[in-house]
Amino acid sequence: MKIQAIQTIAKVNFSRFKPQSNKGFYESYFIRGNHPSEKKAFWIRYTVFAPKDRPQENMGELWFVYFDGNKIYPAKQEFPIEMCKFPRKHFFVELGANFINSAQAQGQIEEISWKLNYTSAAAPIFLLPQNLYIGPFPKAKSIVSQPFARFGGYLKMGNQKINIENWVGSQNHNWGEQHTDWYAWGQVAGFDNSPATFLEVVTAKLNIKGVETPFLTILVLHHNEKKYQLNQINQWFTNKGSFDYFDWTFECQTKEIQLKGRIKASANDFVGLRYLNPSGGSKNCLNSKVASCELEIRETNQSGMPQALFSEHKCAFELLTNEGQEHHGIKINF
């Protein structure tokens, strides 16, 4: 990897965490990868959590989930903030003896451990317009620091060792003063019939000064060596999207491209995780890394039938909600 590319990856991963602030804050770095052909995936997340007006309760959180068919293995460990490092001028995040940087991730939670290396030749993907990464709006921000990350190494769960070879996914960085009120997030790092296509999409509702917005949809697509960024603020309202448990459809259009997509998974493909909210309370995240995605693409200069892309079980699909198990049937862990 070229030195300039390494520096760019490191820069977008620099921490925004200010230990002495009392505004409330969260910041997470996660990696996720899918088996080349089987319905298997991992998701590992290194997080700092700082509750509003209680900086003495700041802490680090280490998360792990392994998806093996319809079996899911979640784990979490918390760390005193004194055992954590979130540097603002280089990328080497540490939670105790566990760490992540631009090329490696290692960790252990009880009988679960991992040692992974990864690399990506792709440039970072900004879900939001870049001018919105500075300033208070929106309160949650996200970057795909390393799209098309290729993973090697291993995971261990007790006596079971899982060799990771050429699993594909991403390394991601997100942060904010509070979690988005209600959202669906999806990501595909290579479709089954179009391995060089990358999709990042969100449909969300925001609460702005007590007023709930309609569904807003943001989408970024890299396809056929072109970058389509349907993410300008005016497009949030014209892009279409809606979701329920556990089915999501979206539709976006510009002068260059028309897109129609569907992301879905069964309840058995989700694990429920409780995310503490810096502003108070918590949110429930329904997390799958083995969902399916169908995407219909019609480029303006294209004749004939639209392109039909699909990913059978390599799509990341998360839902953030206030609702509990009685509404969606997913047990909430931790």
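Roughly how many Å is it from the Cα centre of the range 224-259 to that of the range 99-131, as a whole number?
26 Å
Taking H as built 1.01 Å from N, whose amide H comes closer than 5 Å to the amide H of Ala149, not counting residues under 5 places away?
Amide H to amide H, under 5 Å and 5 or more residues apart or across chains, Ala149 pairs with Gly169, Ser170, Gln171.
Along the Cα-to-C-beta direction of Glu212, a point sits 7 Å from the Cα; which residues of the range 241-260 have their amide N less than 19 Å from that point?
Backbone N within reach: 241-249.
Using +1 at the C-beta of Lys and Arg and -1 at the C-beta of Asp and Glu, which of Ser21, Val188, Ala267 has the Cα lying farthest in the positive direction of the dipole of the chain?
Comparing the listed Cα positions along the dipole, Ser21 ranks first.
Counting only protein heavy atoms and a 1.4 Å probe, tell me what percentage of the range 32-72's accessible area is made up of carbon and sulfur.
Values: 570 of 1390 Å².
Of all accessible area on the range 32-72, carbon and sulfur atoms account for 41 percent.
Apply the Karplus curve 6.51 cos²θ - 1.76 cosθ + 1.60, θ = phi - 60°, to the phi angles in the range 113-124 and return the couplings in whole Hz, x for Gly and Pro.
8, 8, 9, 10, 10, 7, 8, 8, 9, 8, 6, x
Could you go through the range 92-100 in sequence order and give the Karplus-derived ³J(HN,Hα) for each residue, using 6.51 cos²θ - 1.76 cosθ + 1.60 with θ = phi - 60°, rounded to whole Hz, and x for Gly and Pro?
7, 7, 10, 10, x, 8, 8, 8, 9
Compute all pairwise cysteine Cβ distances in the chain, then list the cysteines with no distance under 4.7 Å to another cysteine.
Those would be Cys84, Cys252, Cys285, since no other cysteine Cβ in the chain comes under 4.7 Å of theirs.
In debye to the nearest 20, how big a dipole does the chain give about its Cα centre with +1 on each Lys and Arg Cβ and -1 on each Asp and Glu Cβ? Present the calculation step by step, with values, prior to reporting the outcome.
Details: 37 positive and 30 negative charges, 161 e Å.
For the chain, the charge dipole is close to 780 debye.
About the Cα centre of the range 69-112, what is the dipole size in debye to 20, counting +1 per Lys and Arg Cβ and -1 per Asp and Glu Cβ, all else neutral?
Values: 5 positive and 5 negative charges, 54 e Å.
Its charge dipole is roughly 260 debye.
Relative to the compact-globule scaling 2.2 N^0.38 Å, provide the ratio for the alpha-carbon radius of gyration of the range 161-219.
Values: Rg = 16.0 Å, N = 59, 2.2 N^0.38 = 10.4 Å.
Here the Cα radius of gyration is 1.55 times the empirical estimate.
Averaged per residue, what accessible area in Å² does the chain show with a 1.4 Å probe, protein chains only? Before the final figure, lay out the partial values.
Numbers: 15420 Å² over 334 residues.
Here the per-residue accessible area is 46 Å².
Treating only the Cβ of Lys, Arg, Asp and Glu as charged (+1, +1, -1, -1), what charge dipole size does the range 131-232 show about its Cα centre? Round to the nearest 20 debye. Can you show the working numbers first?
Numbers: 9 positive and 7 negative charges, 35 e Å.
In total the dipole reaches around 160 debye.
Quick one: what are the phi-derived ³J(HN,Hα) couplings along the range 180-191, Karplus 6.51/-1.76/1.60 with θ = phi - 60°, whole Hz, x for glycine and proline?
Values, residue by residue: 4, 4, 7, 8, 10, 10, x, 8, 10, 9, x, 7 Hz.
For the chain, what does the helix formula give at 222 nm: sum of -39500 (n - 2.57) over DSSP H segments with n ≥ 4, over the residue count, nearest 500 deg cm²/dmol?
Working: 3 runs with 20 residues, N = 334.
Value at 222 nm, helices only: -1500 deg cm²/dmol.
The values are calculated or read from the model by the stated rules, or taken from the named source; none is laboratory data. The structure presented is a predicted model; accordingly, all values stated were derived computationally and were not measured. All Cβ positions, even for glycine, are placed from backbone atoms using ideal geometry, and neighbour counts span all protein chains on display. Ligands, DNA and RNA are stripped out before the accessible areas are found, and what is left, the full protein with its side chains, is counted by its heavy atoms. Shrake-Rupley method; radii C 1.70, N 1.55, O 1.52, S 1.80 Å.
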